[in-house]
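Structure, as C-alpha cells:
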Amino acid sequence: MERTEHEGGLSAWPFRRAGVIVAHPDDETLWAGGLMLAHPRTEWVVISLCRGSDADRRPRFFRAMEIYGALGCMGDLDDGPDQAPLSPAAVRQAVLGLVGSDRFDLVITHDLAGEYTRHRRHEETAAAVASLYREGRLPADNLWRFAYEDGGGAHLPQAIEQADAVWTLPDALAQRKHRLITETYGFAEDSWEARTTPRTEAFWYGPGIGEGVEQTRE
Ligand SMILES: [Zn+2]
C-alpha cells in the first residue's frame, strides 16, 4: 500500500469503508476520533469488544455513533477492574462474531503495546485483530494501529511523532472531539480521559510485530 500522508489537509484518503475495532466505547474517540470526524463520507463501523451490557456506556456509545454517522457494534467481554486475562481464542471469536463478512478497505485497532501503561484489554484486542489479519481471516485490505505512548506512565498518552501517519486536528475538529469525550461520553473536564484526548493523532501501518514471522501485505 502506498504511504498516506495526512499532513497538509488529509488529501489522500482512499478508504471508503473503514472499521475501528477497540476494547471499549470511547477508545475510538480518544485515539481516532479526529480521523473519523475528518472523513464523514467514509462508511465507518466501530466495534467495541466490551461494555455491551453497560447501562451507562452503551447508550453513550451509540449517541457517539450518531454524531460520527457510524455504525456501532458492541460485544460484552469481561471488563472487570482486575483485568483478568482473557483467552486469545475468546477475543478472536468475539472479533470474528462482530466484524461480519463485508470487506473493509481499512481496519484500525490498538497497538500491541497499548496506548498507555497499561490496559490488558487493549493489548488483547490488538493481538487478536493482528493475528486474524495475518491469517487472512479479518475481512480487511489494510490494518493500522494507534500510535501513542505515555513514557511508561510518566505522562499522559500522546502521539508518537515517528509513526507512519501523524496529523494534528484543526481547532474545530479538536473541539468536537473533546466534546464527544466530555458531553457525549460524560467524562469530567478534569478526568484522565478529557485531559488525555489527543489533539495530535498517530497511526502505524500494518499488523506490527507479533508471534510468528512478520508478514507484510502492502
Ligand atoms: Zn479502552
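The values are calculated or read from the model by the stated rules, or taken from the named source; none is laboratory data. These numbers come from a predicted model, not from an experiment. Quick reminder, even Gly has a Cβ in these numbers, built from the backbone with ideal geometry, and neighbours come from all protein chains shown.
Kindly check whether there is at least one residue in region 94-117 that is of a type in the set (Phe, Trp, Tyr) and either at pLDDT below 95 or surrounded by fewer than 23 Cβ atoms within 10 Å (Cβ to Cβ) (or both). Checked against the condition, which is being of a type in the set (Phe, Trp, Tyr) and either at pLDDT below 95 or surrounded by fewer than 23 Cβ atoms within 10 Å (Cβ to Cβ) (or both), region 94-117 yields at least one hit.
Considering Arg134, Arg60, the condition of being in contact (Cβ under 8 Å) with a residue 40 or more places away in the chain, within 16 Å of the ligand (Cβ to nearest atom), within 25 Å of Glu43 (Cβ to Cβ) and over 15 Å from the mean Cα position of the chain (by Cα) is satisfied by Arg60 alone.
Within region 138-191, being assigned to a loop (DSSP other than H, G, I, E, B), surrounded by fewer than 18 Cβ atoms within 10 Å (Cβ to Cβ) and among the hydrophobic types (A, V, I, L, M, F, W, C) holds for Ala154, Leu156, Ala188. With the structure loaded, tell me whether Leu35 is in contact (Cβ under 8 Å) with a residue 60 or more places away in the chain, among the aliphatic types (A, V, I, L, M) and within 16 Å of the ligand (Cβ to nearest atom) or whether it fails that test. No; evaluated as a whole, the condition is false for this residue. Taken together, Ala55, Ala70 contain a single residue that is more than 16 Å from the ligand (Cβ to nearest atom), surrounded by fewer than 22 Cβ atoms within 10 Å (Cβ to Cβ) and farther than 15 Å from Lys177 by Cβ, which is Ala55. Among the residues of region 10-32, the one identified as within 14 Å of Gly186 (Cβ to Cβ) and either more than 16 Å from the ligand (Cβ to nearest atom) or among the polar types (S, T, N, Q) (or both) is Thr29.
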